[in-house]
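Peer 1: The structure follows.
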Amino acid sequence: MKITYLGHAACRLDIPGAAILIDPFLSGNPSFPETLSVDGVSEGVTHILLTHGHDDHIGDTLEIARKTGAQVTANFEIAMWVQSQGHENINPMGCGGSVDVGPFTVSLTQAHHTSSSLAGGWPPVYMGQPNGLIVRAEGQPTLYHMGDTDLFGDMALIEELYAPKVGIVPIGDRFTMGAKTAAIACKRFFDFKTILPCHYGTFPILDQSADGFLAEMGADASKVKVTAPGGSFEV
């Protein structure tokens with residue numbers, strides 16, 4: 001599995017038979033590298049997975065889906081919204097559900113956050129409940145993108161059910177876990193081999209670096225892949 005971090009909570013996963021974008025907030029993302037383009041990053045994409053409906057997560061989903069024909073997997077409300085915008089290749093799900101899409105299986109978990117869109121102005125459009133994502137593929141490490149969330153005790157059940165080895169973990173505070181709570185989540189509930197911190201350094205009101213998270217991880221800091229937007233690594 002090749003993971004490319006695209007800034008904020010956006011990333012691309014390349015696995016045999018699929019190229020997956022998660023939360024593709026690219027244009028308008030202050031941390032998305034100027035050396036990259038939406039078209040370049042989305043070339044060959046087959047699937048788009050969305051954790052929730054905030055505009056800094058749905059991002060360029062519609063544009064990319066229309067150009068590539070990629071299947072959009074999300075909760076029911078988001079999937080129906082995507083369909084209402086003219087893209088028919090959708091895969092609606094609910095929290096706790098799993099769907100085998102061929103090259104991989106995706107499952108939705110709970111997340112403690114909110115989910116709405118202000119793209120059409122005020123009042124916001126309800127986009128269903130927020131989620132985390134589990135991605136499982138034969139011969140690949142199981143990946144858990146937590147979405148935007150706080151720490152919660154049922155993370156222990158996510159570990160028991162799916163045993164993810166790769167965690168994409170929000171650490172930026174204010175809207176998600178901060179350094180201390182994210183480190184507690186990773187150390188207490190999961191046996192991650194690789195951790196990609198996200199949702200920091202994008203906007204001034206978020207924590208600007210992963211230094212605090214690394215410090216809180218202590219002896220487990222070696223598991224953390226602090227990756228500049230546009231950077232890739234293999235797991």
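Peer 1: Work through the residues other than CYS11 whose Cβ is under 15 Å from its Cβ and net out their charges, Lys, Arg +1 and Asp, Glu -1.
Peer 2: -3
Peer 1: Below 8 Å, C-alpha to C-alpha, sequence gap of six or more: please give me the relative contact order for the stretch 85-162 in percent.
Peer 2: In percent, rounded to a whole number, it is 25.
Peer 1: Continuing with this model, one more query. For the stretch 13-136, what are the per-bin percents of Cα-Cα distances with bins 5 Å wide, up to the bin holding the maximum?
Peer 2: Over the stretch 13-136, the share of Cα pairs per 5 Å bin runs 2, 11, 22, 25, 22, 13, 5, 1, 0 percent.
Peer 1: Just going by the charge dipole of the chain, with Lys and Arg at +1 and Asp and Glu at -1 on Cβ, which of GLY59, VAL99, PHE32 is farthest out on the positive end?
Peer 2: VAL99
Peer 1: Still on this model: Which listed residue (SER42, GLY139, LEU6) has the Cα farthest towards the positive end of the charge dipole for the stretch 2-227, taking +1 on Lys and Arg C-beta and -1 on Asp and Glu C-beta about the Cα centre?
Peer 2: Sorting the options by dipole projection puts first GLY139.
Peer 1: Which whole-Hz couplings ³J(HN,Hα) result when phi for each residue of the stretch 75-92 is put into the Karplus expression 6.51 cos²θ - 1.76 cosθ + 1.60, θ = phi - 60°, listed in order with x for Gly and Pro?
Peer 2: So the Karplus estimates, Gly and Pro as x, are 4, 4, 5, 5, 4, 5, 5, 4, 4, 5, 8, x, 9, 8, 7, 10, 9, x Hz.
Peer 1: Next question. Which order do the peptides 38-47, 136-145, 57-66 come out in when sorted by mean C-beta neighbours inside 10 angstrom, highest first?
Peer 2: 57-66, 136-145, 38-47
Peer 1: Then there's this: Looking at the stretch 172-213, which trypsin sites (Lys or Arg not before Pro) are in a loop (DSSP not H, G, I, E or B) and have at most 15 other Cβ atoms within 10 Å?
Peer 2: Listed in order of number, the matching sites are ARG174, LYS193.
Peer 1: Report, in debye and to the nearest 20, how large the dipole of the chain comes out about its Cα centre when Lys and Arg carry +1 and Asp and Glu carry -1 on their Cβ. If you can, show how the numbers build up before the last one.
Peer 2: On the way: 13 positive and 25 negative charges, 61 e Å.
Result for the chain is approximately 300 debye, rounded to the nearest 20.
Peer 1: Find the percent of Cα-Cα distances in the stretch 195-235 that exceed 13 Å, and round it to a whole number. Don't skip to the answer; put the middle values down first.
Peer 2: Values: 456 of 820 pairs.
For the stretch 195-235, the share of Cα pairs beyond 13 Å comes to 56 percent.
Peer 1: With equal scatterers on the alpha carbons only and no solvent term, can you work out the Debye log10 of I(q)/I(0) for the chain at 0.08, 0.12, 0.16, 0.17 1/Å?
Peer 2: Summing over Cα pairs of the chain leads to -0.25, -0.59, -1.12, -1.29.
Peer 1: Cross-link candidates for LYS180: which lysines have Cα within less than 30 Å, leaving aside residues fewer than 8 places away along the same chain?
Peer 2: Of all the lysines, those that pass the test against LYS180 - Cα under 30 Å, at least 8 places apart if same chain - are LYS2, LYS165, LYS193, LYS223, LYS225.
Peer 1: When the Cα centres of the stretch 35-100 and the stretch 114-128 are compared, how far apart do they sit, in Å?
Peer 2: 16
Peer 1: In debye to the nearest 20, how big a dipole does the stretch 139-197 give about its Cα centre with +1 on each Lys and Arg Cβ and -1 on each Asp and Glu Cβ?
Peer 2: 240
Peer 1: What Kirkwood radius, in Å to one decimal, follows from the Cα pairs of the stretch 74-142?
Peer 2: 13.2
Peer 1: Something else: Treating the angle as unsigned and between 0 and 90°, give the value, to the nearest 10°, between the Cα long axis of helix 179-189 and the longest Cα principal axis of the chain.
Peer 2: Relative to the chain, helix 179-189 is tipped by roughly 90 degrees.
Peer 1: Sequence-distant or interchain residues sharing an amide H contact under 5 Å with MET93, placed H: which?
Peer 2: ALA74, ASN75, PHE76
Each reported figure results from applying straightforward, stated rules to the coordinates on display, with no laboratory input. Just so it is clear, the model here is predicted, and its values are computed rather than measured. Positions of Cβ are generated from backbone atoms using ideal geometry, with glycine treated the same way; all protein chains shown enter the neighbour counts.
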